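So the structure is just underneath, and the comments pick up after that.
The values are calculated or read from the model by the stated rules, or taken from the named source; none is laboratory data. Please read these numbers as outputs of a predicted model, since none were measured by experiment. Note that we place each Cβ from the backbone using ideal geometry, even for glycine, and neighbour counts take in every protein chain shown. Just so you know, the surface numbers come from the protein's heavy atoms only, side chains and all, with ligands and any DNA or RNA stripped out. Shrake-Rupley method; radii C 1.70, N 1.55, O 1.52, S 1.80 Å.
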Amino acid sequence: GAVVSQHPSWVICKSGTSVKIECRSLDFQATTMFWYRQFPKQSLMLMATSNEGSKATYEQGVEKDKFLINHASLTLSTLTVTSAHPEDSSFYICSASPRLAGLNTQYFGPGTRLTVL
Amino acid sequence: KNQVEQSPQSLIILEGKNCTLQCNYTVSPFSNLRWYKQDTGRGPVSLTIMTFSENTKSNGRYTATLDADTKQSSLHITASQLSDSASYICVVSRISGGGADGLTFGKGTHLIIQP
């Protein structure tokens, strides 16, 4: 149980285009999902907290207009990187908290490798 | 400031040997501590979770210890296998009103098992 999937697993795009990454909780409902970014040999850095049915909460320094988050249902959150640039190339990981487990219980997705040319 | 420090930063050992990874934290108030294994290009997978009252917890060849007084934890890997090559991340949760600021991530230990 407690499986989180991400799609796509990797994507290569041209600079200036937008890329959408999906995060799904497959066997549980998640009122809250989290988006992280991880650079090589670095730890996960929280970007934003996504709450079902409401606006996402962004961490300091993360541009909300560049990283659009939509949490339309209890099992799906999407991250759209708008007008992507090479510096946005990174490993993006989502996590989901089961509805009754508390926010500190997070199950991580497998990650999405974004490469912007 | 809530911090999690892991050591060593990287470690290379021969297959079959044991190793111990360290995690020191200053997170307060403490809720729990988790060790994750992250394979290259994959998301973290939970190995163990320990609360304040637990000193030792095992998961197969992985044994985690926790000393809540000194705020230290260790992850011991026994009879290492090539598949153990990964980054091991220590994550400490604090009792918070909500939000993922309740989690503090260590930078991880990059472990390489050589045949």
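Points to keep in mind about this one:
- The one condition in (1) farther than 24 Å from A:Arg37 by Cα; (2) modelled with pLDDT of 95 or more; (3) assigned to a strand (DSSP E or B) that B:Met50 fails to fulfil: (2)
- Residues in the stretch B:4-47 that are assigned to a loop (DSSP other than H, G, I, E, B) and open to solvent by 80 Å² or more (accessible area, probe 1.4 Å) were compared, and the one that is nearest to B:Asp84 (Cα to Cα) is B:Glu15.
- Odd one out for A:Ser5 among (1) assigned to a loop (DSSP other than H, G, I, E, B); (2) in contact with a Lys or Arg (Cβ under 6 Å, 6 or more places away or on another chain): (1)
- Contact map, the stretch A:30-47: residues that are facing another protein chain (nearest Cβ under 10 Å) paired with residues that are outside any strand (DSSP E or B) and small (Gly, Ala, Ser), Cβ distance under 7 Å, separation 6+ or inter-chain. Pairs shown: A:Phe34/B:Ala100; A:Ser43/B:Gly106; A:Ser43/B:Gly108; A:Leu46/B:Ala100.
- In summary, B:Thr78 fulfils each of the numbered conditions (1) without any contact (Cβ under 8 Å) to a residue 24 or more places away in the chain; (2) among the β-branched types (Val, Ile, Thr); (3) open to solvent by less than 60 Å² (accessible area, probe 1.4 Å); (4) more than 14 Å from chain A (Cβ to nearest Cβ) with the single exception of condition (1).
- Inter-residue pairs, beta-carbon under 9 Å, first within 16 Å of B:Ile77 (Cα to Cα) and at the interface with another protein chain (Cβ under 10 Å from one of its Cβ atoms) and in the stretch B:39-51, second open to solvent by 60 Å² or more (accessible area, probe 1.4 Å) and among the β-branched types (Val, Ile, Thr), 6+ apart: B:Asp39/B:Val45
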